[in-house]
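Report on the structure given below.
Quick note: the coordinates plus some simple rules give every number you see, no bench work behind them. Please read all numbers here as calculations on a predicted model, not as lab measurements. Heads up, the Cβs are rebuilt from the backbone with ideal geometry, glycines too, and the neighbour counts pull from every protein chain shown.
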Ligand SMILES: NC(=O)c1ccc[n+]([C@@H]2O[C@H](COP(=O)([O-])OP(=O)(O)OC[C@H]3O[C@@H](n4cnc5c(N)ncnc54)[C@H](O)[C@@H]3O)[C@@H](O)[C@H]2O)c1
């Protein structure tokens, strides 16, 4: 099936650029939207690990991009302070900026959620209700990410299909199953254009992880480059699905641009690689042989990881909208060390 994709095409050019996101104006204009076609995108959680990456990427492709956050920090693009629980304010932002696409990233992640269940319940569930109502009211295309954490110990773990038992044991997982089901319900009941991907653990170099169980796979690179030592909070044989951020952001744009008739479902698994801490350490040590690794297990995170998928079956995403990842473990490690290494050299120089 051939899809007309504009945003994801620009995004691919940006992501492939070795200059880290600088594309020429020629490239931009050859595939850019007309004023009327251009989606006006609102990203909630715009300062989080994924919000920073998506907003940087979209700022190359779109003229209007608005981000929402609970706290004010400097970033790219128009930026609005708003609590996801303040539905009146959210409505005003959507209306005043004539938003057409909403990417809802605000959430409390797995480990942070277990430490503050009532806040996680409010942000992840009540916040989602606000977003669903506003998206339905203004006819927005809505993207809400789900996660490997939406599965639990009774789900098949290797591989985990799109449709199977989902009985997660964290407030994070419960809120994400709720989001999947509510989004699909609003789609069938009210015609909401809801699209959802279950992301693996996402690994990125230029933004910090936000308190998830897979954070170790980001931290190892920073520690390896800065100190040569890393203490891992998961057991060495804990296998989890992971993905490099470029693949994650491209998948998000591709599913947002996919023609509605190509989507046989509204919630898809996406997959890239699957590894254990021991396997990641071995790959990093190919580049940094002096890296020393110790293990100090965080029992909360370990219990969560032990209940999650080891591998995702993403065959439906591949078939329906042409999903294919670019990064496997060797490319991921090479890329992370290149970016973090050059960043730390710059920091030292400054
Ligand atoms: N990072 C991953 O590995 C991963 C994997 C699967 C799914 N996801 C999903 O992707 C989304 C983004 O994840 P992330 O890693 O960027 O998370 P993050 O924790 O880095 O960012 C979440 C953002 O939400 C904001 N937020 C929290 N409470 C808010 C409120 N009341 N109002 C407005 N904003 C609020 C936070 O300030 C934060 O910047 C989340 O929904 C997460 O569940 C992430």
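Exposure proxy shown here: for 88, 176, 286, 40, the number of other Cβ atoms within 10 Å sets the order, fewest to most, as 88, 286, 40, 176. Beta bridges assigned by DSSP with both partners in segment 181-331 are antiparallel in approximately 25 percent of cases.
Bridge orientation summary for the chain: considering DSSP beta bridges with both residues in this region, about 10 percent are antiparallel. For the chain, the equivalent ellipsoid derived from the alpha-carbon gyration tensor has semi-axes of 30, 25, 20 Å in decreasing order. Exposure proxy shown here: for 157, 189, the number of other Cβ atoms within 10 Å sets the order, fewest to most, as 189, 157.
Note on the chain: GNM, Cα springs under 10 Å; of 50, 85, 42, the largest mean-square fluctuation is that of 85.
Among 158, 271, 311, the largest mean-square fluctuation in a Gaussian network model of the chain, built with springs joining Cα atoms closer than 10 Å, belongs to 158.
Each residue in 264, 6 was given a count of other beta-carbon atoms within 10 angstrom of its own, and listing them fewest first yields 264, 6. If the elastic network links every pair of Cα atoms under 10 Å, which of 129, 325, 188 fluctuates the most in the Gaussian network model of the chain? Result for the chain, Cα springs under 10 Å: 188 fluctuates most.
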